[in-house]
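Got a structure for you, written out below as structure tokens; questions coming shortly.
Only the coordinates and a few stated rules stand behind these numbers; no lab work does. Note that the structure is a prediction, hence the values are computed from the model and not measured. With ideal geometry, Cβ positions are generated from the backbone for all residues, glycine too; neighbour counts draw on all protein chains shown.
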Amino acid sequence: MKQLIRHIIQEQFADKITKPGLVYKITFINGKIYIGQNTEKNLKFRDPFYVGSFNKEYVYEDLKNSGWDGTSFPVISKEILWQSDNTTVNEVTKKEIEYIKEYKSTNPQIGYNQNRFKSY
């Protein structure tokens, strides 16, 4: 319940609440990419084992079909594309969408982003 309330508040005030935020790109061992964002105070992205919030079941199945044995770490690199110490959730989301479009990461041949931003 606490998380639901926090989510509702964040949605209502997404253009008013400022905090650190960033947009990142993850490259997997098969060369495909994922563009994501992080707007949390601790910026989980800086954790070397954090690999984003992509659909892990789908990505890992695709990696296995590409020859991944499931025993090694499937990420080649993590790169910060954009960051700010004082931004809003809306601004970070707009930047994420820009990079998703620029890198064409909704194309299944290129990346793992789902096309959830059709209205932008």
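Going through the cross-link list K64/K101; K19/K101; K19/K95; K25/K104; K25/K94, which pairs have a Cα-Cα distance over 20 Å in this structure?
Listed pairs above 20 Å: K64/K101; K19/K101.
Something else about it: Can you compute the modelled spin-label distance between S72 and N107, with each label point 7 Å from Cα toward Cβ, in nm?
About 2.6 nm separates the two model spin labels.
Per 0.36 nm of contour for each residue apart, how much would the distance between Y58 and W82 grow if the chain were fully extended, relative to their Cα-Cα spacing?
Details: separation 24, 0.36 × 24 = 8.64 nm, distance 2.61 nm.
Difference between extended and current length: 6.0 nm.
Would you mind ranking I35, I76 so that the residue whose beta carbon has the fewest other beta carbons within 10 Å leads the list?
Lowest count first: I76, I35.
Using θ = phi - 60° and the Karplus form 6.51 cos²θ - 1.76 cosθ + 1.60, what ³J(HN,Hα) does each residue of region 65-75 get, whole Hz, x for Gly and Pro?
5, 8, x, 5, 7, x, 9, 9, 6, x, 9
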